[in-house]
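The values are calculated or read from the model by the stated rules, or taken from the named source; none is laboratory data. This structure is a prediction, so every number in the text was calculated from the model and none was measured. We place every Cβ from the backbone using ideal geometry, glycine too, and count neighbours over all the protein chains shown.
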Amino acid sequence: MFVTRLIAQRLVMALFTLLLVSFLIYAVLEILPGDVATRILGRDATAQSIAALRERLHLNDPALLRYLRWLGGVLHGDFGESLVSSRRVLEVLAPRVMNTAFLSAYAFLLYIPLATIPALIQAVRRDRPVDHAMSVITLVLLSMPDFLLGTLLLLLFVLAIPVLPAMSTVDQTSDLAEYLRATTLPALTLAIVMAVYAVRMLRDNLIEVLDADYIRMAELRGVPARRVVWRHALPNALVPSLNVTALNLAYLVGGVVVVEKVFGYPGFGSLLVDSLQLRDFPLIEATILIAAAVYIAANFLADVAAILLNPKLRTG
Amino acid sequence: MSTVERAAAAPSLWTKLAETPLSLRIGAAILFLHLLVAATGPLWAPYGYSQMATGIPLAPASLAHPFGVDQLGRDVFSRVIHGGHIVLLLSLSGTALGLVIGSLIGLLSGYVGGLVDNVVQRLLEALISIPFLVLALLAMVAAGPELSGNPLLVVFVVALVYAPRIARMARTAAIEISTRDFVTIAKLRGESAVSVMRRELLPNATSILLVEFALRAGYAPVLIGSLGFLGFGLRPPTPEWGLMISENRSLVMIAPATVIGPGLALASLVVGLNLFTEGIARILGRTVRLGVQQ
């Protein structure tokens, strides 16, 4: 089974990369020259509070031992204790991750039509004014930072169509309707950033497919034009964009950091920014490790999909 | 008669210009405008970048204050003008540093191969696995509070984020070029690895690296802006555009121009750089995929 072995190989590589990332994060924050306690508390801290923090973080132990102890904990689902709130990191993290998962799923749902419909219009009307106009719009959107796009959407929706809230606050008691109201604008921002990236590639793929012989055949057989596009061209044009979708998923991991901050949404991204600002090292380590894990998983899945979809690797 | 002959002998500058892709020409024009403003702006900007009481705070945009006045009474238009050279300088130097480090690592790793290459690849992959903004934020915090807000740290962080990604491209190029005959001949001549890299690999990878540089430089203002926006980049009152958007964002409903102004500057710079990148790539016969996702 060549395919199974190839996938297993990729899995081992992905896990190894994750292990390396865990070491990098820990090394950068806690092993790099300079006293960790001073870096967290700043220069003005008293000797007493620094000594207390050193004790709490076991900074007097060798660095490698501390890393292995932390890694051991992580493997058992224990990310340690938040320095600021003294709660378990996992307890702080879990609801935030759930919020971001909801936002990301919503963004992905919006992303699919936002990417395919403009690409279809452009491909069918290629080199016409509509195609050129949409190319210009995509380029402008592609060049717009997500925090700017989010702020402009906020301005547009809150001033012109005042149905959506400016601040995306939710808590444990929020129901689905409140969640949807709160996440529509951030999800739309993320979806647009992802869609404009995919549209250009999808347009080119579609044009290539529409020129293929089997599409000409279908047309000659008298298959209705609409059916040719939706049933024959689109599925074949989508396969090469798998890679783009994986890259988009990877973008999403970093994108939520900015976009959640723009809308004040209590997700994983805003937690990361807060923990960085407060220098809550255990929380920083856990959030970045999770971000990297999602990124690595996305790339792994794209690799697996590419392997499974590649007919050359199909055996028996 | 003679004019026709001359035209046939050497195409005029105008025909040459007409042959360059339209995107390159528009991109170059936008970039030229940005460079001009960045270079001369501080001389003619109506107000200083931290000058207060220039008008009524949060007053709507007017001819005297095209981008409005922020809550501290500073003229946003002047601040945008003063910010130009900061954004350009930091973006270009950060990307250039990343290009030098990245191509050095990539070319060497790809050419030497074997165990060295394997180790370097794993390390680069680990670095790339941390989303670029998250990696930048991590580096900012790891540098400690004393260095935060330092422009040199921003340059270094941009380089750190880009170097692994550029190295990956350079490595692929090096492996591909290494299989060609002229490299084998150079090796048989007894040239050292460094000499082969400098005289054979680098010249042949230039077009790849050039496009890579243009692509990365295009998103460096966004990266720097994002860091400023989140409060991890340059410090106030530096007129960095992302930082300005973040400062004026809370009052965007009252004074939208104070956000739209710096936003327009940032977006137009990136549009210019992106068009330029696309044009350069087309001339060099390469495909390039624009987007923060890369």
Q.
Checking B:Arg198 against (1) at the interface with chain A (Cβ under 9 Å from one of its Cβ atoms); (2) farther than 24 Å from B:Val154 by Cα: exactly one of these is not met. Which one?
A. (1)
Q. Would you pick out the residues in region B:214-273 that are in a helix (DSSP H, G or I) and of a type in the set (Lys, Arg)?
A. B:Arg216, B:Arg249
Q.
Suppose the filter is closer than 27 Å to A:Gly267 by Cα and either polar (S, T, N, Q) or over 25 Å from the mean Cα position of the chain (by Cα) (or both); does A:Ser49 pass it?
A. no
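Just to be sure, is A:Val256 in contact with a helix residue (DSSP H, G or I) (Cβ under 6 Å, 6 or more places away or on another chain) and modelled with pLDDT under 85? It would help to see each step written out before you state the result.
Details: in contact with a helix residue (DSSP H, G or I) (Cβ under 6 Å, 6 or more places away or on another chain): yes; modelled with pLDDT under 85: no.
For A:Val256, the condition - in contact with a helix residue (DSSP H, G or I) (Cβ under 6 Å, 6 or more places away or on another chain) and modelled with pLDDT under 85 - is not met.
May I ask you to list the residues in region A:268-293 that are within 15 Å of A:Val74 (Cβ to Cβ) and either surrounded by fewer than 23 Cβ atoms within 10 Å (Cβ to Cβ) or modelled with pLDDT under 90 (or both)? Spell out the reasoning first.
Taking region A:268-293 and keeping what is within 15 Å of A:Val74 (Cβ to Cβ), we get A:281-293.
A:Phe281, A:Pro282, A:Leu289, A:Ile290, A:Ala293, listed by residue number.
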Q: Scan (1) surrounded by fewer than 20 Cβ atoms within 10 Å (Cβ to Cβ); (2) out of contact with any Phe, Trp or Tyr (no Cβ under 6 Å at 6 or more places or on another chain); (3) of a type outside the set (Asp, Glu) for the single condition A:Leu164 breaks and write down its number.
A: (2)
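In this structure, is A:Leu202 hydrophobic (A, V, I, L, M, F, W, C), within 30 Å of B:Gly261 (Cβ to Cβ) and part of a helix (DSSP H, G or I)? Show your work before the answer.
Values: hydrophobic (A, V, I, L, M, F, W, C): yes; within 30 Å of B:Gly261 (Cβ to Cβ): no; part of a helix (DSSP H, G or I): yes.
No; evaluated as a whole, the condition is false for this residue.
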Q | Spans of helices (runs of 4 or more DSSP H) in region A:1-120 with at least 3 residues more than 13 Å from every other protein chain (Cβ to nearest Cβ), under 30 Å from B:Leu160 (Cα atoms) and among the small types (Gly, Ala, Ser) | A | A:63-75
Q. Which number in (1) surrounded by fewer than 17 Cβ atoms within 10 Å (Cβ to Cβ); (2) at pLDDT below 90 marks the one condition that B:Gly291 misses?
A. (1)
Q: Take A:Val244 and decide whether it is surrounded by fewer than 24 Cβ atoms within 10 Å (Cβ to Cβ) and over 14 Å from the mean Cα position of the chain (by Cα).
A: no
Q. Looking only at region B:225-244, which residues are under 13 Å from A:Lys261 (Cα atoms) and without any contact (Cβ under 8 Å) to a residue 24 or more places away in the chain?
A. B:Gly228, B:Phe229, B:Gly231
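From B:Leu133, B:Leu123, which residue is facing another protein chain (nearest Cβ under 10 Å), under 16 Å from the mean Cα position of the chain (by Cα) and part of a helix (DSSP H, G or I)? Reasoning before the result, please.
On the way: B:Leu123 fails: under 16 Å from the mean Cα position of the chain (by Cα).
The match here is B:Leu133.
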Q: Among the residues of region A:224-281, write down those that are of a type in the set (Lys, Arg) and more than 23 Å from A:Arg200 (Cα to Cα).
A: A:Lys261, A:Arg279
**Q.** Matching residues, region A:135-183, being within 13 Å of chain B (Cβ to nearest Cβ) and among the small types (Gly, Ala, Ser)
**A.** A:Ser135, A:Ser143, A:Gly150, A:Ala160, A:Ala166
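Using the structure shown, decide if B:Glu212 is crowded, with 22+ Cβ neighbours inside 10 Å, within 14 Å of another protein chain (Cβ to nearest Cβ) and either of a type in the set (D, E, K, R) or touching a helix residue (DSSP H, G or I) at 6+ places or on another chain (Cβ under 7 Å) (or both).
Numbers: crowded, with 22+ Cβ neighbours inside 10 Å: yes; within 14 Å of another protein chain (Cβ to nearest Cβ): no; either of a type in the set (D, E, K, R) or touching a helix residue (DSSP H, G or I) at 6+ places or on another chain (Cβ under 7 Å) (or both): yes.
Considered against the rule, which asks whether it is crowded, with 22+ Cβ neighbours inside 10 Å, within 14 Å of another protein chain (Cβ to nearest Cβ) and either of a type in the set (D, E, K, R) or touching a helix residue (DSSP H, G or I) at 6+ places or on another chain (Cβ under 7 Å) (or both), B:Glu212 comes out as no.
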Q.
Tally up the residues in region B:236-275 that are under 15 Å from B:Val154 (Cβ atoms), within 20 Å of the chain's Cα centre (by Cα) and surrounded by fewer than 22 Cβ atoms within 10 Å (Cβ to Cβ), please.
A. 1
Q: Could you list all residues from region A:84-136 that are surrounded by 20 or more Cβ atoms within 10 Å (Cβ to Cβ) and touching a strand residue (DSSP E or B) at 6+ places or on another chain (Cβ under 8 Å)?
A: A:Val89
Q | Test: residue in region A:203-212 that is in contact (Cβ under 8 Å) with a residue 60 or more places away in the chain and over 22 Å from B:Val288 (Cα atoms) | A | yes
Q: For region A:121-169, name all the residues that are within 24 Å of the chain's Cα centre (by Cα) and in a loop (DSSP other than H, G, I, E, B).
A: A:Ser143, A:Met144, A:Pro145, A:Leu164, A:Pro165, A:Ala166, A:Met167, A:Ser168, A:Thr169
Q) Of the residues that sit in region B:40-58 and are in contact with a Gly (Cβ under 8 Å, 6 or more places away or on another chain) and crowded, with 16+ Cβ neighbours inside 10 Å, which one is nearest to B:Pro239 (Cα to Cα)? A) B:Tyr49
